[in-house]
1. Listed residues 96, 18, 92, 65; which is closer than 30 Å to residue 168 by Cβ and surrounded by fewer than 19 Cβ atoms within 10 Å (Cβ to Cβ)?
2. If you go through region 20-36, how many residues are free of Cβ contacts under 8 Å to residues at least 12 places away in the same chain, assigned to a loop (DSSP other than H, G, I, E, B) and within 18 Å of residue 46 (Cβ to Cβ)?
3. Report, by residue number, each residue of region 141-168 that is assigned to a helix (DSSP H, G or I) and touching a residue at least 60 places away in the same chain (Cβ under 8 Å).
4. Could you give every pair whose Cβ atoms fall below 9 Å, whose first residue belongs to region 68-95 and is touching a residue at least 60 places away in the same chain (Cβ under 8 Å), and whose second residue is assigned to a loop (DSSP other than H, G, I, E, B) and crowded, with 18+ Cβ neighbours inside 10 Å, counting only separations of at least 6 or pairs across chains?
5. How about region 104-132: which of its residues are without any contact (Cβ under 8 Å) to a residue 12 or more places away in the chain and in contact with a helix residue (DSSP H, G or I) (Cβ under 9 Å, 6 or more places away or on another chain)?
6. Here's a check for you: in region 168-180, which residue that is more than 13 Å from the chain's Cα centre (by Cα) and under 18 Å from residue 90 (Cα atoms) is modelled with the highest pLDDT?
7. Quick one: is residue 114 modelled with pLDDT under 85, in the same structural domain as residue 187 (by TED's automatic domain parsing) and surrounded by fewer than 16 Cβ atoms within 10 Å (Cβ to Cβ)?
8. Of the numbered conditions (1) over 15 Å from residue 23 (Cβ atoms); (2) assigned by TED's automatic domain parsing to the domain that holds residue 19; (3) touching a residue at least 40 places away in the same chain (Cβ under 8 Å), residue 43 fails exactly one; give the number of that condition.
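The values are calculated or read from the model by the stated rules, or taken from the named source; none is laboratory data. All figures in this text were calculated on a predicted structure; none of them were measured in a lab. Using ideal geometry, Cβ is built from the backbone for each residue, glycine included, and neighbour counts are taken over all protein chains shown.
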């Protein structure tokens, strides 16, 4: 079996392993892929892979965190823009939809981690930390809108943050399920309108 003897920096070597892991997870799924498969695909010894990662779960988490940081770097640009809070929320959702459309394979692998997170304490902890971070970002955005008078002053930004995070977190399901009768852009335009206008006539809810 061939081995890569080229000397690389630790960050480059990790990236090499994660790229190989992605290919293995795509080809075999998380449960069937092995560290041997990852090492073989990366053209490294298994010992070299274990030098950077304790086990397959660690490799999977590292790959997921790498992708999450990629998402956040782009989303941060939207959050720091000079646009209104309404425009920022719309563009966040549009970005997530576009990402899922452009990288369906990556999207599927990332969703596989959610399944794994329900089975292992380590991945569940990572999932909770990332989810809370996402909610914090949305909550801060909502507070910004309240302070600027762009949003109602009587909402609970934490609770609404949970709701918005759930809605946006499921946008990529459209791409995965592939509803032919739903245009993602039109769907998000309508969903955004309802988020901001509500579904009741112009009267207060009785709840």
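1. 65
2. Filtering region 20-36 for residues free of Cβ contacts under 8 Å to residues at least 12 places away in the same chain gives 27-28, 31-32, 36.
Okay, now just the ones that are also assigned to a loop (DSSP other than H, G, I, E, B), so 31-32.
Pick out the ones that are also within 18 Å of residue 46 (Cβ to Cβ) and you get 32.
Going through region 20-36 one residue at a time, the tally reaches 1.
3. Step one: filter region 141-168 for residues assigned to a helix (DSSP H, G or I), giving 141-147, 157-168.
Those that are assigned to a helix (DSSP H, G or I) and touching a residue at least 60 places away in the same chain (Cβ under 8 Å): 141, 145, 164, 167, 168.
4. Close Cβ pairs (under 9 Å, with a partner that is assigned to a loop (DSSP other than H, G, I, E, B) and crowded, with 18+ Cβ neighbours inside 10 Å) amount to 85/151; 86/151; 93/171; 94/171.
5. Of everything in region 104-132, those that are without any contact (Cβ under 8 Å) to a residue 12 or more places away in the chain and in contact with a helix residue (DSSP H, G or I) (Cβ under 9 Å, 6 or more places away or on another chain) turn out to be 117, 118, 124, 125, 128.
6. Of the residues in region 168-180, the ones more than 13 Å from the chain's Cα centre (by Cα) are 174-180.
Narrowing the set further to residues that are under 18 Å from residue 90 (Cα atoms) leaves 174-175.
Working: 174: 73, 175: 67.
Once the filter is applied, the top-ranked residue is 174.
7. Working: modelled with pLDDT under 85: yes; in the same structural domain as residue 187 (by TED's automatic domain parsing): yes; surrounded by fewer than 16 Cβ atoms within 10 Å (Cβ to Cβ): yes.
When the stated conditions are applied, residue 114 passes them.
8. (1)
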